[in-house]
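Below is one structure, written out as structure tokens, with a few remarks after it.
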Amino acid sequence: MTGPELLHLRDAGAIPNSGLPVLVSHGVAGLETTGSCAELFARNGWLGSWVNGIYPFQHFHSTAHEVLGIVAGAASVQLGGPDGPVVEVVAGDVLVLPAGTGHCNLGQTPDLTVVGPYPDGMWCDLRRGDPAEREEVLANIAAIPLPSTDPISGAAGPLTEAWTAGS
């Protein structure tokens, strides 16, 4: 695995995105099973793992950052709203999404399996970009602390540096 790709997304109106970059890592060791993936993330302080897929509609979370570990299958994930870039993910890939980052599953293989926790056991809300909620959403995002660890590499991982520089 090489260092993560950093994606900087602009505010898309209904989808606020973040001044912090999305981190996209390919070929991450430890994602062979849902248990090993959840254990890797938990060891690095990202807790409360769920196992599912990625919703097939534009959405974001305003109360927590999120990591998505692809354990099996593949998907086309649009980031940043309906005009945002599409990232192809496969088993062994990890997306770290700062709060406010839009994401949508545009298509997947039938076996797609994703593990998704949050830093320090935070929990997320589910937002779809209702303009009436924008002020509340922006206030929620501004109140979220930066995670103290990278979900893959811990305290010395690239997330800490990328997000400290971007905050």
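For the subset of the range 129-167 comprising residues that are open to solvent by 30 Å² or more (accessible area, probe 1.4 Å) and charged (D, E, K, R), which member is nearest to Leu40 (Cα to Cα)?
Selected residue: Glu161.
Among the residues that make up the range 47-61, is at least one of them small (Gly, Ala, Ser), surrounded by fewer than 22 Cβ atoms within 10 Å (Cβ to Cβ), in contact with a Pro (Cβ under 6 Å, 6 or more places away or on another chain) and closer than 18 Å to Tyr118 by Cβ?
Yes; the residues of the range 47-61 include at least one that is small (Gly, Ala, Ser), surrounded by fewer than 22 Cβ atoms within 10 Å (Cβ to Cβ), in contact with a Pro (Cβ under 6 Å, 6 or more places away or on another chain) and closer than 18 Å to Tyr118 by Cβ.
Is there any pair with a first residue in the range 49-62 that is part of a strand (DSSP E or B) and a second that is basic (Lys, Arg) and open to solvent by 10 Å² or more (accessible area, probe 1.4 Å) whose Cβ atoms are under 8 Å apart and which are 6 or more apart or on different chains, and what are they?
His59/Arg127; His59/Arg128; Phe60/Arg127
Considering the range 4-46 alone, what residues qualify as being of a type in the set (A, V, I, L, M) and either open to solvent by 40 Å² or more (accessible area, probe 1.4 Å) or over 17 Å from Pro117 (Cα atoms) (or both)?
Residues satisfying the conditions are Leu6, Leu7, Leu9, Ala12, Ala14, Ile15, Leu20, Ala29, Ala42.
Looking at this structure, is Thr109 open to solvent by 30 Å² or more (accessible area, probe 1.4 Å) and either under 27 Å from Thr160 (Cβ atoms) or under 14 Å from the mean Cα position of the chain (by Cα) (or both)?
Against the criterion (open to solvent by 30 Å² or more (accessible area, probe 1.4 Å) and either under 27 Å from Thr160 (Cβ atoms) or under 14 Å from the mean Cα position of the chain (by Cα) (or both)), Thr109 does not qualify.
Answer yes or no: is there a residue in the range 120-128 that is farther than 26 Å from Ser25 by Cα and surrounded by 13 or more Cβ atoms within 10 Å (Cβ to Cβ).
So far as the range 120-128 goes, no, none of its residues is farther than 26 Å from Ser25 by Cα and surrounded by 13 or more Cβ atoms within 10 Å (Cβ to Cβ).
The values are calculated or read from the model by the stated rules, or taken from the named source; none is laboratory data. Computed from a predicted model, the values in this text were never measured in an experiment. No Cβ is skipped: glycine too gets one built from the backbone with ideal geometry, and neighbour counts run over all protein chains shown. Quick note on the areas: whole protein, heavy atoms, side chains included, nothing else; ligands and nucleic acids left out. Shrake-Rupley method; radii C 1.70, N 1.55, O 1.52, S 1.80 Å.
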